[in-house]
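K.L.:
Let me give you the structure first, and then I'll get to my questions.
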Amino acid sequence: MPQTRRQFLTATAGLALLPTLPRIGFAAPAAQLTVASRQLEVLGKAATVYGITGPDGKPGLMAREGERFRGLVDNQSGEDLILHWHGQVLARNTDDRTRPNGGVHPTGTQEAYDFPLTAGTHWMHSHTLSEQQLLAAPMVTVEADAGDVPQAVIMLHDFSFRPPAEIAAGLMTAQGHHMGGMDMGGMDMSGMKMGGMKMGATEMSGMAMGGMTHANDVDYDAYLANDRTLADPDVIAVQSGPVRLRIINGATATAFWISAGGLAAQVVAVDGNKVAPIARASIPLAQGQRVDLLVQIPPEGGAFPILAQVENAVMQTGVILATSGAKIANVPVLAENPAPFVDLTFDSSLSAEFPLLARPTDAMLHIALGMEPGYRWTINGAAHGEAAPLQAALGSRVEMMFMNPTMMMHPMHLHGHHFQVVDLGLGRFNGPRRDVVMVPPGGMVTVAVDFDKAGEWYLHCHHLYHMASGMMTSVTVA
Ligand SMILES: [Cu+2]
């Protein structure tokens, strides 16, 4: 049953008296998810959005490594549903409706699922425009070796009172998108001579793109962390000692910079995959990506904002971690200075704990990302549906090289697999395992994939409006 605002306030007030973390728990393995619309208050106004509620009445699902996702998904949303199990690499192609010709889950019906859960911080979301209306939720499976460290999940969203179809229509007109009529001549791959360059993505974007680099093509009304703005943030009760933050960027068109403020913070996983722990004060997080941060609450306690600031902008959102009785100061919704564009400096410093096994590469896929006038986004010159799927042999090691001559960053997502980032344009390295990699303007990023599961898997930009405007294809694995 959804909490009312009054119940929430009561619960929050009671937290200070409780010695444990009552809002963090584990679901029974036989989970059932209900997708329905719900009311949310944003900026003092009522908004109707969607939600995915687990058996414990909380958003999404929290489980332990070794458990299965077994149970019914009840679609009460009033709309046909295409739900994606993002990061669930143990699910088969047929376990996910987000595949070519996967059909829809009709409203008013229940569907049964049964697949092993993938350890780590993952999530679930609509694969249509309703993702913009918060049709998304965490799908977190706590690793067997995660110990007793308390967990806190932070889900980020960009929010608009406008319906997503209206936003999409606006982007496709010159009025709605100031680059709609830009002449892209001379921006083709041959003009960039990318194959012969040994240059970092950042240098290349500075050189090739000049001042044209662009972000945030949708004007949002608010940015949410666990459904709330910083004007009225989610306050998560913590105690002194370590807390594992599992941060999910569920925003549809916004990349953030994550900051744990004054807390000591170590990055321990990205996209649910362990990396060699690394201390970081500021972490870029593109659409669809996740980061696990181990923070240390000091012995004296206090209140600690965990912030997500929009790239190239001053807007920010976040939650507050607070020990019992801590005074919680207001955090403004606008930061003092704009954040930079997200880039690959962070990724270049990561090392996978479990890299792909060393073996020869069987095939190379070149994937040129493109933009054409009228907000038409393409892969290898074709919008979704215009070209045949890419091909990969079952059991093969394939490298996918993404090249981005456009002026926007594209967070590229492959369904059903965790690839390994192996080259950011600076030479080979033991990069992180991920399922979303950002390809910045002017950037060239290579990932290695073991295509070990048959089926046709989507490959797309996780900017919802780029995906909806063509930047999607699929890989047939057979
Ligand atoms: Cu894109």
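The values are calculated or read from the model by the stated rules, or taken from the named source; none is laboratory data. Bear in mind the structure is a predicted one, so any value in this text is a computation, not a measurement. We place every Cβ from the backbone using ideal geometry, glycine too, and count neighbours over all the protein chains shown. With ligands, DNA and RNA removed, areas are computed over all heavy atoms of the protein, side chains included. Shrake-Rupley method; radii C 1.70, N 1.55, O 1.52, S 1.80 Å.
K.L.:
I need a count of the residues in segment 371-384 that are farther than 19 Å from Gly455 by Cα and crowded, with 18+ Cβ neighbours inside 10 Å. Lay out the reasoning, then the answer.
P.N.:
If we filter segment 371-384 for residues that are farther than 19 Å from Gly455 by Cα, which is where we start, we get 371-383.
Retained after the next criterion (residues that are crowded, with 18+ Cβ neighbours inside 10 Å): 371, 375, 377-379.
Looking only at that region, the number is 5.
K.L.:
Same structure again: Which residues, taken from segment 414-442, are small (Gly, Ala, Ser) and either under 15 Å from Arg397 (Cα atoms) or in contact with a strand residue (DSSP E or B) (Cβ under 8 Å, 6 or more places away or on another chain) (or both)?
P.N.:
Initial filter on segment 414-442 (small (Gly, Ala, Ser)): 416, 425, 427, 431, 442.
Hits for segment 414-442 are Gly416, Gly425, Gly431.
K.L.:
Among the listed residues Ala388, Ala352, Ala392, which satisfies the condition of being free of Cβ contacts under 8 Å to residues at least 60 places away in the same chain and away from the ligand (no atom under 16 Å from the Cβ)? Outline the logic, then answer.
P.N.:
Values: Ala352 fails: free of Cβ contacts under 8 Å to residues at least 60 places away in the same chain; Ala392 fails: free of Cβ contacts under 8 Å to residues at least 60 places away in the same chain.
Among Ala388, Ala352, Ala392, only Ala388 is free of Cβ contacts under 8 Å to residues at least 60 places away in the same chain and away from the ligand (no atom under 16 Å from the Cβ).
K.L.:
Within segment 457-467, which residues are among the aliphatic types (A, V, I, L, M), in contact with a Ser or Thr (Cβ under 8 Å, 6 or more places away or on another chain) and more than 26 Å from Ala393 (Cβ to Cβ)?
P.N.:
Leu464
K.L.:
Ok, one more. I need the full set of residues from segment 234-259 which are open to solvent by less than 10 Å² (accessible area, probe 1.4 Å), of a type outside the set (Ser, Thr, Tyr) and under 18 Å from the mean Cα position of the chain (by Cα), in order please.
P.N.:
Leu245, Arg246, Ile247, Ile248, Asn249, Gly250, Ala251, Ala253, Ala255, Phe256, Ile258
K.L.:
All but one of (1) open to solvent by less than 10 Å² (accessible area, probe 1.4 Å); (2) aliphatic (A, V, I, L, M); (3) free of Cβ contacts under 8 Å to residues at least 60 places away in the same chain hold for Ile320; which doesn't?
P.N.:
(3)
K.L.:
Could you tell me whether segment 362-384 includes any residue that is without any contact (Cβ under 8 Å) to a residue 24 or more places away in the chain and over 21 Å from Arg290 (Cβ atoms)? Outline the logic, then answer.
P.N.:
Taking segment 362-384 first, the residues without any contact (Cβ under 8 Å) to a residue 24 or more places away in the chain are 381.
Now narrow it down to the ones that are over 21 Å from Arg290 (Cβ atoms): 381.
Yes; the residues of segment 362-384 include at least one that is without any contact (Cβ under 8 Å) to a residue 24 or more places away in the chain and over 21 Å from Arg290 (Cβ atoms).
K.L.:
I've got another one for you. Would you confirm, using the coordinates I've provided, whether Thr446 is touching a residue at least 24 places away in the same chain (Cβ under 8 Å), of a type in the set (Ser, Thr, Tyr) and within 16 Å of the ligand (Cβ to nearest atom)? Full working, then the answer.
P.N.:
Numbers: touching a residue at least 24 places away in the same chain (Cβ under 8 Å): yes; of a type in the set (Ser, Thr, Tyr): yes; within 16 Å of the ligand (Cβ to nearest atom): no.
Considered against the rule, which asks whether it is touching a residue at least 24 places away in the same chain (Cβ under 8 Å), of a type in the set (Ser, Thr, Tyr) and within 16 Å of the ligand (Cβ to nearest atom), Thr446 comes out as no.
K.L.:
Name the one entry in Val437, Val421 that is open to solvent by less than 10 Å² (accessible area, probe 1.4 Å), touching a residue at least 60 places away in the same chain (Cβ under 8 Å) and either within 16 Å of the ligand (Cβ to nearest atom) or in the same structural domain as Arg97 (by TED's automatic domain parsing) (or both). Before you say what the answer is, go through the steps one by one.
P.N.:
On the way: Val421 fails: either within 16 Å of the ligand (Cβ to nearest atom) or in the same structural domain as Arg97 (by TED's automatic domain parsing) (or both).
That would be Val437, the only listed residue that is open to solvent by less than 10 Å² (accessible area, probe 1.4 Å), touching a residue at least 60 places away in the same chain (Cβ under 8 Å) and either within 16 Å of the ligand (Cβ to nearest atom) or in the same structural domain as Arg97 (by TED's automatic domain parsing) (or both).
K.L.:
May I pose another question? When the residues of segment 301-315 are narrowed to those that are open to solvent by less than 20 Å² (accessible area, probe 1.4 Å) and assigned to a strand (DSSP E or B), which ends up farthest from Thr213 (Cα to Cα)?
P.N.:
Filtering first and then ranking leaves Ile306.
K.L.:
How about segment 281-300: which of its residues are modelled with pLDDT of 95 or more and open to solvent by 20 Å² or more (accessible area, probe 1.4 Å)?
P.N.:
Pass one, segment 281-300, residues modelled with pLDDT of 95 or more: 282-300.
Residues satisfying the conditions are Ser282, Leu294, Gln296, Pro298, Pro299, Glu300.
K.L.:
Quickly run through segment 32-47 and pick out the residues that are part of a loop (DSSP other than H, G, I, E, B) and farther than 22 Å from Gly108 by Cα. Break it down stepwise before answering.
P.N.:
Keep residues of segment 32-47 that are part of a loop (DSSP other than H, G, I, E, B), which gives 32, 43-44.
Listed by number, the residues that qualify are Leu43, Gly44.
K.L.:
Give me the residue from segment 449-478 that is aromatic (Phe, Trp, Tyr) and away from the ligand (no atom under 16 Å from the Cβ) and, out of that set, farthest from Glu131 (Cα to Cα). So that I can check it myself, show each step before the final result.
P.N.:
From segment 449-478, those aromatic (Phe, Trp, Tyr) are 451, 457-458, 465; that's our starting set.
Retained after the next criterion (residues that are away from the ligand (no atom under 16 Å from the Cβ)): 451, 457.
On the way: Phe451: 27, Trp457: 19 Å.
Selected residue: Phe451.
Yes or no, residue by residue, for (1) at pLDDT below 95; (2) in a loop (DSSP other than H, G, I, E, B); (3) open to solvent by less than 20 Å² (accessible area, probe 1.4 Å):
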| residue | (1), (2), (3) |
| --- | --- |
| Val342 | no, yes, yes |
| Leu350 | no, yes, yes |
| Leu356 | no, yes, no |
| Arg359 | no, yes, no |
| Leu369 | no, no, yes |
| Glu386 | no, yes, no |
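K.L.:
Contact list please: Cβ distance under 7 Å, first residue in segment 218-231 and of a type in the set (Gly, Ala, Ser), second residue in a strand (DSSP E or B), pairs at least six apart or on different chains.
P.N.:
Ala222/Val42; Ala222/Phe159; Ala225/Ile154; Ala225/Leu156; Ala225/Ala308; Ala225/Thr317; Ala225/Gly318; Ala225/Val319
K.L.:
Follow-up question, since we're still on this one. Quick one: is Asp95 of a type in the set (Asp, Glu) and without any contact (Cβ under 8 Å) to a residue 24 or more places away in the chain?
P.N.:
yes
K.L.:
Let me ask you something else. May I ask you to verify whether Gly51 is more than 27 Å from Ser474 (Cβ to Cβ) and not in a strand (DSSP E or B)? Reasoning before the result, please.
P.N.:
Numbers: more than 27 Å from Ser474 (Cβ to Cβ): yes; not in a strand (DSSP E or B): no.
So Gly51 does not fit the description; no.
K.L.:
Separate question: Can you name the condition, by its number, that Gly374 falls short on among (1) more than 16 Å from the ligand (Cβ to nearest atom); (2) at pLDDT below 95; (3) not β-branched (Val, Ile, Thr)?
P.N.:
(1)
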